[in-house]
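K.L.:
I'd like to ask you about the structure that follows.
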Amino acid sequence: MDTTPIYSAIKKYVNQHNCRFHMPGHIGGQGLTAELQSFAQLDVTEVPAIDDLHMPQGAILEARKLLAKAYKATNSLFLVNGATSGIHTLFLSLNASAYVLIPRNAHRSFYGGLVLSGAWPVYYQPQIESNLNIALSVLPGEIEEQLKYFPQAEAIFVTNPTYYGTTSEIGAIAKLTSEGDQLLYVDEAHGGHFPFHSAFPKPSLDCGADAVVNGLHKNLPVLNQGAALHGGPKAPWEKIEKGFSLITTTSPSFPILASLDLSRELMMNSGTSLLEKGLNLSKHYKIKINSIKGLKCLDKELLSFPGVKGLDPLKVLVSIEGLELNGYELAHLLRVEHNIQVELAEEKIILAMMSLFHRAEDWEKLYKALQSIASKYSSTCTRKKSVDLPPLPYVLLSPRQAYFAPKRRIKLGDCKDKIAGEMVAVYPPGIPCLLPGELISPAIFDYLQYLKRSKIPLQGVTDLELNYISIIEP
């Protein structure tokens with residue numbers, strides 16, 4: 001049996017040296033730079049010898065079966081537009097106007113899924129570490145409480161793991177959804193490597209989730225945009241496949257598909273040993289980073305935070321409260337002075353993502369750079385605690401209704417009791433205090449005024465100084 005059916009089919013076709021009277025127009029790399037020409041040899045289209053992503057009967061169908069086996073799924077799909085397309089697909093598997101429970105800190109793709117599907121969101125708050133102001137977990141009790149008020153909810157969405165590498169008690173949440181006959185959908189974009197080593201958190205599908213989305217390019221040797229959607233026995237697979245076909249390009253990237261195919265084989269054969277190497281390096285260098293005055297590499301202590309079940313050892317979350325720099329400034333110095341680019345910077349943290357292929361010398365370079373910067377910018381000052389978010393606002397229009405509604409811009413001082421026409425989110429932690437279709441209550445209005453006065457970094461809003469805000473016309 002061929003263990004890399006997509007890649008093998010492409011290579012066979014390329015090696016036949018066919019005269020290509022078909023798309024794409026570069027016909028195997030012509031007209032491209034030398035760097036791209038060899039890569040473009042693999043950039044083919046859905047000719048009979050290779051297969052069709054939308055109607056797989058050959059290599060892609062076989063590769064899907066192998067992918068499902070690797071992730072212990074009933075069915076799996078290859079995604080060529082990132083985890084975003086998987087989230088949109090899951091929303092399209094729901095009934096029109098369905099109620100869905102969604103974490104307030106969900107990825108922006110969730111808003112797109114709500115607009116596409118017409119679903120009504122019921123937001124719940126994640127557990128936020130108040131000092132660093134980052135969302136770390138979801139409490140099963142919070143889900144249980146929301147289901148008391150919305151027992152008709154069709155699905156519950158959970159983000160697991162978080163961007164920071166923490167996981168929640170998915171098994172306990174799955175028990176609740178099973179009892180209430182809801183679907184449990186998990187944004188597992190950052191957890192595609194979990195199934196291949198027992199020291200990593202248990203995959204959500206193994207814990208009872210009905211469908212999960214993995215952004216496999218985030219952690220594995222997969223070209224950017226490569227992702228996967230996996231379903232369990234309860235997943236409405238026919239609806240999922242219809243939604244997938246609706247939003248997926250009819251000209252998928254075969255280099256991306258080949259990289260997904262090759263990565264899956266690599267992880268099945270060598271994933272455990274590759275992850276073991278990463279684990280050992282992670283343990284060693286987190287201890288070294290912790291020895292740097294002014295820095296703290298957050299690790300096992302996060303397990304005592306409410307709702308946190310596990311940690312991804314390859315996420316390097318560094319608190320910088322002992323420096324006179326903020327996270328953005330530290331990330332800038334790492335980049336311009338040491339040629340190191342981290343994944344994420346926020347006010348009080350930086351986050352470095354380690355792949356399976358970082359070497360000891362890569363870790364050493366990061367460690368020495370942090371050591372050098374910390375020696376110049378240590379501080380004993382206590383940073384101010386971030387202000388708490390206001391209560392969740394009332395949802396008056398569905399995101400789909402709000403998206404298509406007429407809007408106008410008004411002065412911030414005139415927006416009380418109006419319906420928001422755009423998102424306002426404090427960053428960090430990136431949790432919206434306001435989304436389109438929600439009521440700007442007196443409490444929200446006062447909070448917006450505070451944000452304006454304080455010049456706090458924002459996301460989503462057009463006017464970042466908050467002099468004006470978009471509202472929906474009555």
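K.L.:
What distance in nm lies between label points placed 7 Å from Cα along the C-beta direction at residue 72 and residue 361?
P.N.:
3.9
K.L.:
Follow-up question, since we're still on this one. With both bridge residues required to lie in region 125-275, what share of the DSSP beta bridges run antiparallel, to the nearest 5%? Walk me through the numbers on the way to the answer.
P.N.:
Working: 7 of 15 bridges.
Beta bridges within region 125-275, antiparallel portion: roughly 45 percent.
K.L.:
What list of ³J(HN,Hα) couplings, whole Hz, do you get for region 143-150 from phi and the Karplus terms 6.51, -1.76, 1.60, once you set θ to phi - 60° and write x for glycine and proline?
P.N.:
Working through the residues one at a time gives 5, 4, 5, 5, 5, 5, 8, 10 Hz.
K.L.:
Mind giving me the nanometre distance, one decimal, between the label points for residue 245 and residue 328, set 7 Å out from Cα along Cα→Cβ?
P.N.:
4.7
K.L.:
I need the fraction of alpha carbon pairs in region 399-472 separated by more than 17 Å, rounded to a whole percent.
P.N.:
Numbers: 910 of 2701 pairs.
When all Cα pairs of region 399-472 are counted, 34 percent exceed 17 Å.
K.L.:
List the residues of region 433-459 whose backbone N lies under 11 Å from a point placed 7 Å from the Cα of residue 401 along the Cα-to-Cβ direction.
P.N.:
Residues passing the 11 Å test: 437-438.
K.L.:
Over 27 Å between Cα atoms: which of 234/300; 72/242; 277/309; 286/309; 65/286 fall into that group? List each step's numbers first, then the result.
P.N.:
Working: 234/300 34 Å; 72/242 22 Å; 277/309 23 Å; 286/309 20 Å; 65/286 38 Å.
Over 27 Å Cα-Cα: 234/300; 65/286.
K.L.:
Here is a further query. Under 8 Å for C-alpha pairs, at least 6 residues apart: give me the relative contact order for the chain, rounded to a whole percent.
P.N.:
14
K.L.:
Which one of 274, 259, 292 is farthest out on the positive end of the charge dipole of region 255-294, using unit charges on Cβ (Lys, Arg +1; Asp, Glu -1) and the Cα centre as origin?
P.N.:
Farthest towards the positive pole: 292.
K.L.:
Report the calculated FRET efficiency for residue 238 and residue 175 (r = Cβ-Cβ distance, R0 = 25 Å), to the nearest 0.05.
P.N.:
Values: r = 26 Å, r/R0 = 1.04.
Efficiency, rounded to the nearest 0.05: 0.45.
K.L.:
Moving on to the next point. Report, by chain and number, residues whose modeled amide H sits under 5 Å from the one on residue 458, excluding near sequence neighbours (fewer than 5 apart, same chain).
P.N.:
Those qualifying (amide H under 5 Å, at least 5 residues apart or on another chain) are 427.
K.L.:
Please compute the modelled spin-label separation between residue 284 and residue 125, points set 7 Å along Cα→Cβ, answer in nm with one decimal.
P.N.:
Between residue 125 and residue 284, the label points sit 4.3 nm apart.
K.L.:
Quick check on the chain: of the DSSP beta bridges with both residues there, what percent are antiparallel, nearest 5%? Each step should come with its number before you reach the end.
P.N.:
Details: 38 of 53 bridges.
Counting only bridges with both partners in the chain, antiparallel ones make up about 70 percent.
K.L.:
For region 288-296, what does the Karplus curve 6.51 cos²θ - 1.76 cosθ + 1.60, with θ = phi - 60°, yield as ³J(HN,Hα) per residue in whole Hz, taken in order and with x for Gly and Pro?
P.N.:
Residue by residue, region 288-296 yields 5, 5, 5, 7, 7, 4, x, 10, 9 Hz.
K.L.:
Quick one: 3J(HN,Hα) in Hz for region 262-278, Karplus 6.51/-1.76/1.60 with θ = phi - 60°, rounded, Gly and Pro as x.
P.N.:
5, 5, 4, 5, 4, 5, 5, 8, 10, x, 4, 5, 5, 5, 4, 4, x
K.L.:
Continuing with the same structure: Tell me, what are the semi-axes, in whole angstrom and largest first, of the equivalent ellipsoid of region 1-127 as set by the roots of 5 times the Cα gyration tensor eigenvalues? Don't skip to the answer; put the middle values down first.
P.N.:
On the way: eigenvalues 278, 68, 36 Å².
Its equivalent ellipsoid spans semi-axes of 37, 18, 13 Å.
K.L.:
Once the piece of chain linking residue 449 and residue 427 is laid out straight, how much longer is it, given 0.36 nm per residue of separation minus the C-alpha distance between them?
P.N.:
On the way: separation 22, 0.36 × 22 = 7.92 nm, distance 1.62 nm.
Using 0.36 nm per residue and subtracting the Cα-Cα distance, I get 6.3 nm.
K.L.:
Under a point-charge model restricted to the Cβ atoms of Lys and Arg (+1) and Asp and Glu (-1), what is the dipole moment magnitude of the chain relative to its Cα centre, in debye to the nearest 20? Kindly include the intermediate steps, with their values, before the conclusion.
P.N.:
Numbers: 45 positive and 46 negative charges, 156 e Å.
It works out to roughly 740 debye.
K.L.:
Please report 110, 21, 196 as a ranked list, fewest other C-beta atoms within 10 angstrom at the top and most at the bottom.
P.N.:
Values: 110 24, 21 6, 196 21.
Ordered from fewest to most neighbouring Cβ atoms within 10 Å, 110, 21, 196 come out as 21, 196, 110.
K.L.:
Going by how many other beta carbons lie within 10 Å of each one, how would you line up 213, 342, fewest first? Walk me through the numbers before you get to the answer.
P.N.:
On the way: 213 30, 342 18.
Ordered from fewest to most neighbouring Cβ atoms within 10 Å, 213, 342 come out as 342, 213.
K.L.:
How large is the Kirkwood hydrodynamic radius of region 278-376, counting all unique pairs of alpha carbons, in Å? Walk me through the numbers before you get to the answer.
P.N.:
Details: mean 1/r = 0.0732 Å⁻¹.
For region 278-376, inverting the mean 1/r across all distinct Cα pairs yields 13.7 Å.
K.L.:
If you take the beta carbon distance between residue 16 and residue 61 as r and set R0 to 30 Å, what does 1/(1 + (r/R0)^6) give as a FRET efficiency, to the nearest 0.05?
P.N.:
Efficiency at R0 = 30 Å is approximately 0.90.
K.L.:
Which residue, 437, 426, 472, has the largest displacement toward the positive end of the dipole of region 399-472 when charges sit on each Cβ (Lys, Arg +1; Asp, Glu -1)?
P.N.:
472
K.L.:
Placing +1 at every Lys and Arg Cβ and -1 at every Asp and Glu Cβ, with all other atoms neutral, what dipole size does region 399-472 have around its Cα centre, in debye to the nearest 20? Don't skip to the answer; put the middle values down first.
P.N.:
Values: 10 positive and 7 negative charges, 30 e Å.
So the magnitude is around 140 debye.
K.L.:
If you don't mind, there's one more thing I want to ask. Let me know the charge dipole size of region 431-474 about its Cα centre in debye, to the nearest 20, where only the beta-carbon of Lys, Arg (+1) and Asp, Glu (-1) is charged.
P.N.:
Working: 3 positive and 5 negative charges, 43 e Å.
For this selection, approximately 200 debye.
K.L.:
If you count the DSSP beta bridges with both ends in region 5-266, what percent of them are antiparallel, to the nearest 5?
P.N.:
Working: 12 of 27 bridges.
If I count the DSSP bridges inside region 5-266, around 45 percent turn out antiparallel.
K.L.:
Next question, about the same structure. Suppose R0 equals 51 Å; then what is the FRET efficiency for residue 464 and residue 198 from their Cβ-Cβ distance, rounded to the nearest 0.05? Let's see the in-between values first.
P.N.:
Values: r = 45 Å, r/R0 = 0.89.
Calculated value: 0.65.
FYI, it's all coordinate maths here, none of it is from the lab. Source: prediction; values computed, not measured. Cβ sites come from the backbone with ideal geometry, for glycine too, and all protein chains shown count toward neighbours.
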